[in-house]
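The values are calculated or read from the model by the stated rules, or taken from the named source; none is laboratory data. Since this is a predicted model, take the numbers as computed values, not measurements. Please note: Cβ atoms are built from the backbone with ideal geometry, for glycine as well, and neighbour counts cover all protein chains shown.
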Amino acid sequence: MTPNAPYWRNRKVLITGGAGFIGSNLAERLVEYGAKVRIADNFERGREEYLADFREEIEVEKLDLRELENCHKACTGVEVVFHLASKVGGIGYYLKQAGEVIRENCFIDANMWKAVLDAKIPRYFYASSAHIYPIELQTRPDSPFIKEEQAVPAHPELSYGWAKLFAEKMIEYQIEEGTTETRAAIARLIGVYGKHQDIELATGSAIPVFCRRAAEYPALKPFKIWGTGKETRSYTYIQDAIDGILLCMEKLESQKIVGPLNLGTEERITIGELAALAVKVSGKSIEVENDPSKGTVIWGQAVSCRKATELLNGWKPRTSLEEGVTNSFNDIRKRLGK
């Protein structure tokens, strides 16, 4: 199932964090569909170059959404909001800056939701995360697939997950009260990767970091990964994720709230196999080293996506991991000038 492109034609859309990884890809798709797109971003992680191919067709506001006034400004005159802005990074960043992550994200999410309610915006999308799930459900590489209702009793490992869960509940309670006409979709994204992703070694996630290490090898060596390499993860290519996000929003025509839904794939890969795939795609001979002294207790992160498939008329990711990693590697090599 793919989105209904005509549904988006001429719709006035705001994308927070729109110059970032997911936001810029979503903006590009909506421009293709004929939507009138505004982006709000503080450009802490977002990049103007991600918008280069369609810059003249969108409105861009440089705004710090930790300030409520800026959230109100961003929401003026729009009918759909995709809220993607967030303090994000790799696992090392989440562990070292845990207090900053939860504080900043709670400010941003609360401000944006209030601005949406104040402006009486009809449609709202909130980008949540599989990191909201209790750590006890992720202690084995073959841990059972996690279902949406297993978010409580809550015990995320990372402060990032706590902030996302707080925002989900804030939205759900408001809509359940019946005091707003705003309809909302909440998707728990898992392992989204692809073009425009952060490639900084300190803040990037596994796929872009592995692809960068492979692209720059042997100048950048050793090729080292955190943990034992036996940990498992699931990854979703960006274009498949965008299909799911847009389908969630289209479903709001018949429902007041969609989700929270797990949005991703049920296929798993070990971190060691993922590193080997990045090496394979590079065409180089590279020895991968493990650092078991670093990492987290998330041994297996995989979620059930049956609800999304059922609700979104058969939606499933269509891009194989090898195809997606190949696309990511080529994008990163181009950005590095290799």
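Observations on the structure shown:
- Within region 1-17, being farther than 23 Å from VAL116 by Cα, at pLDDT 95 or above and either among the charged types (D, E, K, R) or not in a helix (DSSP H, G or I) (or both) holds for PRO3, ASN4.
- Of the strands (runs of 3 or more DSSP E) that lie entirely inside region 18-132, those containing 1 or more residues that are farther than 24 Å from ASN4 by Cβ, modelled with pLDDT of 95 or more and β-branched (Val, Ile, Thr) span 58-62.
- Exactly one residue out of ALA215, ALA184 is in a helix (DSSP H, G or I), touching a residue at least 24 places away in the same chain (Cβ under 8 Å) and crowded, with 22+ Cβ neighbours inside 10 Å: that is ALA215.
Residue by residue, here is whether (1) surrounded by fewer than 17 Cβ atoms within 10 Å (Cβ to Cβ); (2) under 27 Å from SER143 (Cα atoms); (3) of a type in the set (D, E, K, R); (4) modelled with pLDDT under 90 holds:
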| site | (1), (2), (3), (4) |
| --- | --- |
| SER254 | yes, no, no, no |
| LEU261 | no, yes, no, no |
| ALA275 | no, yes, no, no |
| SER293 | yes, yes, no, yes |
| ARG306 | yes, yes, yes, no |
| GLU310 | yes, yes, yes, no |
| GLY314 | yes, yes, no, no |
| THR319 | no, yes, no, no |
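- Inter-residue pairs, beta-carbon under 8 Å, first over 29 Å from PHE107 (Cβ atoms) and in region 52-68, second among the aliphatic types (A, V, I, L, M), 6+ apart: PHE54/ALA27; PHE54/VAL31; GLU57/VAL31; GLU57/VAL37
- The set of residues in region 307-328 being assigned to a helix (DSSP H, G or I) and either within 10 Å of GLY244 (Cα to Cα) or in contact (Cβ under 8 Å) with a residue 24 or more places away in the chain (or both) consists of LYS307, ALA308, THR309, LEU311, LEU321, GLU322, GLU323, GLY324, VAL325, THR326, ASN327, SER328.
- When the residues of region 113-135 are filtered to those that are out of contact with any His (no Cβ under 7 Å at 6 or more places or on another chain) and within 18 Å of GLY264 (Cβ to Cβ), the one that is surrounded by the most Cβ atoms within 10 Å (Cβ to Cβ) is TYR133.
- Residue within region 274-290 that is out of contact with any Lys or Arg (no Cβ under 8 Å at 6 or more places or on another chain), within 19 Å of ARG188 (Cβ to Cβ) and part of a loop (DSSP other than H, G, I, E, B) present: no
- In the set (1) small (Gly, Ala, Ser); (2) surrounded by 14 or more Cβ atoms within 10 Å (Cβ to Cβ); (3) within 26 Å of SER205 (Cβ to Cβ), ALA35 fails one condition alone, (3).
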